[in-house]
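First up is the structure itself, then whatever we jot down about it.
The values are calculated or read from the model by the stated rules, or taken from the named source; none is laboratory data. Keep in mind it's a predicted model, so treat the numbers as computed, not measured. Counting neighbours? That spans all protein chains shown, and the Cβs are built from the backbone with ideal geometry, glycine included. Ligands, DNA and RNA are stripped out before the accessible areas are found, and what is left, the full protein with its side chains, is counted by its heavy atoms. Shrake-Rupley method; radii C 1.70, N 1.55, O 1.52, S 1.80 Å.
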Amino acid sequence: MRYYCEDSSKALEALGSSRNGLSESEAAERLEKNGKNKLAAEKGKSLIVKFLEQLADPMTIILIVAAVISGVLAFVGNEGAEGLVDVVIIMAVVIINAVLGVYQESKAERAIEALQEMSAATSKVMRDGKISVIRSEDLVVGDVILLEAGDAVPADARILENASLKVEEAALTGESVPVTKFIDIINLREGEKDVPLGDRKNMLYMGSTVVYGRGVAVVTATGMDTEMGKIADALSQAADGQTPLQKKLAGLSKILTYLVIGVCVVVFGVKLLGAKDLGIGIVLDSFMAAVSLAVAAIPEGLATVVTLVLSMGVTNMSKRNAIIRKLTAVETLGCAQIICSDKTGTLTQNKMTVVDFFGEDEARVATAMSLCSDAELAEDGAITGEPTEAALVAHAAKLSLPKYELKARFERVGEAPFDSERKMMSTVHKSENGFIQYTKGAPDVVIGRCTHYLKNGERLPITDEYVKEILGANKAMADRALRVLAAAEREWSDMPESTSPEALEENLCFVGLVGMIDPVRPEVIDAIAQCRDAGIRPIMITGDHIDTAVAIAKELGIIESESGAITGSQLNDMSDEEFEKKFRDISVYARVQPEHKTRIVTAWKNAGYVTAMTGDGVNDAPSIKAADIGVGMGITGTDVTKNVADMVLADDNFATIVGAVEEGRRIYDNIRKAIQFLLGSNMSEVIAIFAAVLMGFTILEPVHLLWINLVTDCFPAIALGMEKGEADLMKRKPRNSSEGVFAGGMGFDVAYQGLMVAALVIISFFIGCEGWAGRVNEELAREGMTMAFLTMSMAEIFHSFNMRSQRHSTFSLKSVNKVLFIAGGVSLLATTLVCVIPPIAGFFSLNPIGIGHFLVALGLGACVIPIVECVKLVQRIIAKRKATA
């Protein structure tokens, strides 16, 4: 039932209640039947489940299977503890990566807990005709509740009695100004299917707060049936989805899995077919060759490197006031194409401010407005009260008219409180010449009660010409989406006998108008301009009126004309097919409800755009969770929004998003460099081992490959993640989220660089064992393996410097990556110690190497720099020719 479209008495009847409320017995029955007035909590995953999910990765499964079979064969082959070294190392790698991967927040559960905290703890309710105070969770449909200023609304309810009731609903609807409530029936407008949530002014909703007046209402919905409950339900249903990086790494994982399985089967088969007999030794040898290839093809350190690079990005972003709650959010924002932003509190200050006035004397207008309000100013500058009146008091204070001084000069002795039907408020104060009355309210109403106006300090009879001047000023302010109030005064020689509205609000003297608005954040205009330079489109989504939304959007540069804005009602009338055709032309949405925000975000996502959603209110939470990346506000944001968001802006500054985008792009570039570096290394290992198998010898063992993958490669790869951003980073268009890992020629780079290093390693092997294919001296094979291991390690260390830029020469880069030099030095030292210290070399099945072979391996490894520099030069020439063609 649409209770807001029905008379209050009919609502009571439909709910089986009365103005005396329910009986205790009836309330108990309803509580038993319908449950507590609480939001359902979603059960989160246990740590064990999260850990097991990490082990479900195909590449991880291959490593586990390889380790298990290796262990079994080690026992069967009687190799003892030495044969278990590979098993222990492989399983250690698997466990470490899984532990690092257990980073999944139970966002829905925490969000609902925050929603619970927003709900009122106790409520005043009529039971058996008497006022009782009960726990809010024990409220039932049909309960009659009593509310006054400061109370949190405990459930959805239809208003029965209203005494100047104003309710703050910004967190739920996005409305920046408290809503003045009434009792009357709301009729649907022509062509309207339902009344927007923000326009249901005879209703109260869970999670909102009474800021003025008092009222009585009957509960129409509790728990998950409330509007707040619908948001909680949407949170639990909204899919988190994978970020672009997660999707790319998942795709890469599949590719590598198929590659590993295929090549391992081939290697195992080739070894068996080439054997003269099929004893357990041959089977073990063949399987270990296949295991070596599996270890070579799988970049064990990739997940760790990516996680650490993202973690460093988190630290950098926190210095820029962007708090990351989920690591993958760093790179996702870097490829954002759409930012759907809530207006109130995000693009604007969520603080009504007087920005214009009309009248004879601004100080006189400000004095009237400040005294004719219930907001208060403390001597420390803090203002308490309803936001509109707080703006009036703040305006007077800026003119050196603090209210505490005005009150001392003009003591209030009478008043006619604001009433939504009169749309006015009047106060009477003592003055030097007797008493003075100030009245403020809607301009059309106040002007109609005025008989005089001020001109050069004198009271003159009001004329039609002056009324037109007032109305013109009023229209000019209204056209700018300002909220306009009028002020008038009346002098009394004696205290009025009656302070009723009828007695006070006549024969008034017009003083002036003030126009106020929730102003934009000063830094947001530049931030949005920078977003546009970066190819990012801002979309405003608000619960405010369309006139206000359009005015703010024009000021910010989001739209140029009203044609780019629609209301929530218009959106409701659009079918999914129609909206799919039009949504690209819409940049401003006004008077929206929570489900609208999710629909808008989903439309952009379904069209293939990486979408971010910013906001601070409860109403933003479902769409923030549904977006590719949700951005919450740290200061004004509700706990619900912050718990659901992937990133929280500590300073509530929209401009911080620009810094986050820049950092996200830098991190993604660096991750690609690390991926290219690691995959190139794996490629070289696979080619070298496969070639060696075909030629009938073992060039590297699993333990050597694990050392290269986890020690030699990981430190430089992490250092590559600390590269500074390119100069044109924020002038590029956002990358396409469907762009593959190997886009931009990276696939070719990985292939040729892998072949290059593999060739150098094989040459080094034969130099070490002083033989060529088919004539390998068995006694010197271990020396050759040591040379191959050292050359592979050295080549990777030198190659990491090539990876600082995909196309530019390493020697042309102006910045110096000191961390990369340190990482390369550490890797070089560690690898050298493995090769020269006999006990360590023996553990790794290597020969302690002499200075001659060490220098040869070092020289072969260093060859990667001039070779890659030459290829980059050719690639730049080709690219330049294509650009000018």
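Give just the number: which of (1) farther than 24 Å from Tyr212 by Cα; (2) open to solvent by 30 Å² or more (accessible area, probe 1.4 Å) does Ser341 not satisfy?
Result: Ser341 fails condition (2) only.
Here is a yes/no grid of residues against (1) hydroxyl-bearing (Ser, Thr, Tyr); (2) modelled with pLDDT under 90:
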position	(1), (2)
Arg127	no, no
Gly142	no, no
Leu147	no, no
Pro154	no, no
Ile159	no, no
Ser164	yes, yes
Ala171	no, yes
Pro178	no, yes
Lys181	no, no
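Does any residue in region 736-758 that is over 12 Å from Ile675 (Cβ atoms) and touching a residue at least 24 places away in the same chain (Cβ under 8 Å) come within less than 7 Å, Cβ to Cβ, of a residue that is open to solvent by less than 40 Å² (accessible area, probe 1.4 Å) and among the polar types (S, T, N, Q) six or more places away or on a different chain, and which pairs are these?
Gly754/Ser684; Val757/Ser684; Ala758/Ser684
Restricting to region 570-592, give me the number of residues that are at pLDDT 90 or above and open to solvent by less than 30 Å² (accessible area, probe 1.4 Å).
Number satisfying all stated conditions: 9.
What residue, among those in region 349-376 that are among the aliphatic types (A, V, I, L, M), more than 16 Å from Leu454 (Cβ to Cβ) and in contact (Cβ under 8 Å) with a residue 40 or more places away in the chain, is least open to solvent (accessible area, probe 1.4 Å)?
Leu371
So if I check each of Met756, Met803, Met787, which one is more than 45 Å from the chain's Cα centre (by Cα) and either at pLDDT 90 or above or open to solvent by less than 40 Å² (accessible area, probe 1.4 Å) (or both)?
Selected residue: Met787, the only one of Met756, Met803, Met787 that is more than 45 Å from the chain's Cα centre (by Cα) and either at pLDDT 90 or above or open to solvent by less than 40 Å² (accessible area, probe 1.4 Å) (or both).
I'm trying to understand the selection: among the residues of region 121-162, which are assigned to a loop (DSSP other than H, G, I, E, B), open to solvent by less than 30 Å² (accessible area, probe 1.4 Å) and more than 17 Å from Leu31 (Cβ to Cβ)?
Correct list: Val153 only.
Looking only at region 556-564, decide whether some residue is over 20 Å from the mean Cα position of the chain (by Cα), polar (S, T, N, Q) and within 28 Å of Glu168 (Cα to Cα).
No: region 556-564 contains no residue that is over 20 Å from the mean Cα position of the chain (by Cα), polar (S, T, N, Q) and within 28 Å of Glu168 (Cα to Cα).
Filter region 3-37 down to the residues that are exposed (fewer than 15 other Cβ atoms within 10 Å of the Cβ), over 17 Å from Lys124 (Cα atoms) and of a type in the set (Lys, Arg) and list them by number.
Those that are exposed (fewer than 15 other Cβ atoms within 10 Å of the Cβ), over 17 Å from Lys124 (Cα atoms) and of a type in the set (Lys, Arg): Lys10, Lys33.
Could you list all residues from region 852-877 that are β-branched (Val, Ile, Thr) and loosely packed, with under 11 Cβ neighbours inside 10 Å?
Val874, Ile877
Mind checking which pairs have a first residue in region 188-211 that is in contact (Cβ under 8 Å) with a residue 40 or more places away in the chain and over 16 Å from Tyr3 (Cβ atoms) and a second that is of a type in the set (Gly, Ala, Ser) and open to solvent by 10 Å² or more (accessible area, probe 1.4 Å), Cβ under 7 Å, 6 or more apart or different chains?
Sorted first by the residue in region 188-211, then by its partner, the pairs are Glu192/Ser569; Gly207/Ser119; Gly207/Ala171; Thr209/Ala152; Val210/Ala149; Val210/Gly150; Val211/Ala149.
Quick check on Ala841: is it open to solvent by 30 Å² or more (accessible area, probe 1.4 Å) and not charged (D, E, K, R)?
no
Do any strands (runs of 3 or more DSSP E) entirely within region 446-515 hold 1 or more residues that are touching a helix residue (DSSP H, G or I) at 6+ places or on another chain (Cβ under 7 Å) and at pLDDT 95 or above, and if so, which?
Qualifying strands (runs of 3 or more DSSP E): 450-455, 483-492.
Give the residues of region 595-612 that are under 10 Å from Ile541 (Cα atoms) and modelled with pLDDT under 90, sorted by residue number.
Listed by number, the residues that qualify are His596, Lys597.
Just one of (1) free of Cβ contacts under 8 Å to residues at least 24 places away in the same chain; (2) open to solvent by less than 40 Å² (accessible area, probe 1.4 Å); (3) farther than 20 Å from Leu508 by Cβ trips up Glu389, so point out which.
For Glu389, the failing item is (3).
Could you grab me the full set of residues in region 163-191 that are buried (at least 21 other Cβ atoms within 10 Å of the Cβ) and over 33 Å from the mean Cα position of the chain (by Cα)?
Leu165, Lys181
Looking only at region 192-208, count how many residues are more than 20 Å from Lys343 (Cβ to Cβ), within 29 Å of the chain's Cα centre (by Cα) and not in a loop (DSSP other than H, G, I, E, B).
0
Please determine whether any residue of region 692-715 is touching a residue at least 60 places away in the same chain (Cβ under 8 Å), buried (at least 16 other Cβ atoms within 10 Å of the Cβ), within 22 Å of Val868 (Cβ to Cβ) and within 32 Å of the chain's Cα centre (by Cα).
yes
Scan the helices (runs of 4 or more DSSP H) fully inside region 307-426 and keep the ones with 2 or more residues being touching a Pro at 6+ places or on another chain (Cβ under 9 Å).
By residue number, 329-334, 387-398.
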